[in-house]
Amino acid sequence: MTSSQQKTAIILFDLDGTLIDSTQAIYMSFCEAYKTMFAEPPTFECVKNTIGHTLEDMFLQNGVAHSQVKEYVKTYRIHYRSLMEEGTHLLTFAKEAIIKAYEFAHLGIVTTKRGDFSQILLQKLGVWEYFDDIVGIESVSFPKPHAQPILIALERLAATQKGINNHRIYMIGDTSLDLSAALSANINAVGVLCGFGNRGDMESFNVPLCENTLEAVNYIAQKCGI
């Protein structure tokens, strides 16, 4: 593989809907949280439509009162930790995309999932070794679509010290939250249509949209002259 000294770009990936599918684990954990709180769980589609947002926002969008959100999130995470590994798999072409990107770029993860959970999943799926760092929800005060998670990732990856300017830094994600965060951080955004985002919403950002993450990485490689 290419040595880190020869890498001339940075690629940040969203996680759910971009590299992995953990929909089943997420929904099952949601159901357990509602049952624990003696409430009727939302439908699968209702939960699926909110994936990518913070857990707090997901519960609020699914009818939980502000005063109860903290308890729902706490219960969710207890169940998710036990369900996540069995209920998560890499999306089609995701591993190929990661390996291709690793040939020419430093790689990071920017997600609204907890960083420790995300690292466990990526280790289990056999791809953690390709990443330099991960910025999870616990590392930020302002999650996507705010620029802060991306700016933290770039600081940790020492983009300036590596001499990589913003023209060669990309964020790949499956929702408008990812695209908005990237543009707010003044880096390139590439959307993928293999996840949870609404195509119409994503088209409004005027950025490249690809069918899957491998197609997105190949597009970036071409733009970088690889």
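The values are calculated or read from the model by the stated rules, or taken from the named source; none is laboratory data. These numbers were taken from a predicted model, which means no experiment stands behind them. Cβ coordinates were reconstructed from backbone atoms using ideal geometry, including for glycine residues, and neighbour counts include every protein chain displayed. Ligands, DNA and RNA are stripped out before the accessible areas are found, and what is left, the full protein with its side chains, is counted by its heavy atoms. Shrake-Rupley method; radii C 1.70, N 1.55, O 1.52, S 1.80 Å.
Using θ = phi - 60° in the Karplus curve 6.51 cos²θ - 1.76 cosθ + 1.60, the 3J(HN,Hα) couplings for the range 142-147 round to 10, x, 3, x, 5, 6 Hz; x is entered for Gly and Pro.
Annotation: residue 36 carries an accessible surface of approximately 70 Å², with a 1.4 Å probe and no ligand, DNA or RNA atoms counted.
Are any of the pairs 95/162; 7/124; 162/223; 113/223 more than 28 Å apart by Cα-Cα distance, and if so, which? Mind dumping the intermediate values first?
Values: 95/162 25 Å; 7/124 26 Å; 162/223 19 Å; 113/223 30 Å.
113/223, as the Cα separations exceed 28 Å there.
Taking a ≥ b ≥ c as the square roots of the Cα gyration tensor eigenvalues, with a/c under 1.5 meaning rounded and otherwise prolate when a/b beats b/c, else oblate, which class fits the range 177-226? Don't skip to the answer; put the middle values down first.
Numbers: a/c = 2.24, a/b = 1.25, b/c = 1.78.
Oblate, since a/c reaches 1.5 and b/c is not below a/b.
Membrane-span-like helices in the chain, defined here as complete DSSP H runs extending at least 27 Å along the helix axis by their C-alpha atoms with mean Kyte-Doolittle hydropathy no lower than 1.6, are absent; this is a sequence and geometry rule, not a statement about a membrane.
Only alpha carbons enter this Debye calculation for the range 134-226, each as an equal point scatterer, and the log10 of I(q)/I(0) it gives at q = 0.17, 0.21 Å⁻¹ is -0.73, -1.08.
Antiparallel DSSP bridges in the chain: what percent, to the nearest 5?
Details: 2 of 22 bridges.
Rounded to the nearest five, the antiparallel share is 10 percent.
Ratio of the range 1-122's C-alpha Rg to 2.2 N^0.38 Å, to two decimals?
So the range 1-122 has a normalised radius of gyration of 1.22.
Where only protein heavy atoms count, and the probe is 1.4 Å, what is the accessible area per residue for the range 13-76 in Å²? Write out the running numbers ahead of the final one.
Numbers: 2960 Å² over 64 residues.
It amounts to 46 Å² per residue over the range 13-76.
Label 7 Å along Cα→Cβ of residue 86; the range 4-47 residues with amide nitrogen under 19 Å? Residues 21-36 fall inside that zone.
Provide, in order from the shortest bin, the percent of all Cα-Cα pairs of the chain in each 5 Å bin, continuing until the bin that contains the maximum pair distance. So the P(r) values, bin by bin, are 1, 7, 16, 19, 20, 16, 10, 6, 3, 1, 0, 0. Computing Rg and the Kirkwood Rh from the Cα coordinates of the range 1-70 gives a ratio, Rg/Rh, of 1.21. Please work out whether the range 102-154 counts as rounded, prolate or oblate from its C-alpha gyration tensor, where a ≥ b ≥ c are the square roots of the eigenvalues and a/c under 1.5 means rounded, while otherwise a/b larger than b/c means prolate and anything else oblate? Verdict is oblate for the range 102-154.
Computed over protein heavy atoms with a 1.4 Å probe, the carbon and sulfur contribution to the accessible area of the range 70-226 reaches 46%.
Where the centroid of each part is defined by its Cα atoms, how far is the range 103-170 from the range 12-47 in Å? After rounding, the separation between the Cα centres reads 23 Å.
Any idea what the relative contact order of the range 124-226 is, in percent, if you count C-alpha pairs under 8 Å spaced at least 6 apart? Numbers along the way, then the final one.
Details: 139 pairs, mean separation 20.8, N = 103.
Taking the mean separation of contacting Cα pairs over the length of the range 124-226, I get 20 percent.
Here residue 70 is the anchor, and the aspartates and glutamates within straight C-alpha reach of less than 12 Å, apart from those fewer than 8 places off in the same chain, are 56, 57. The residues of the range 109-162 present an accessible area of 46 Å² per residue when probed at 1.4 Å with all protein chains retained.
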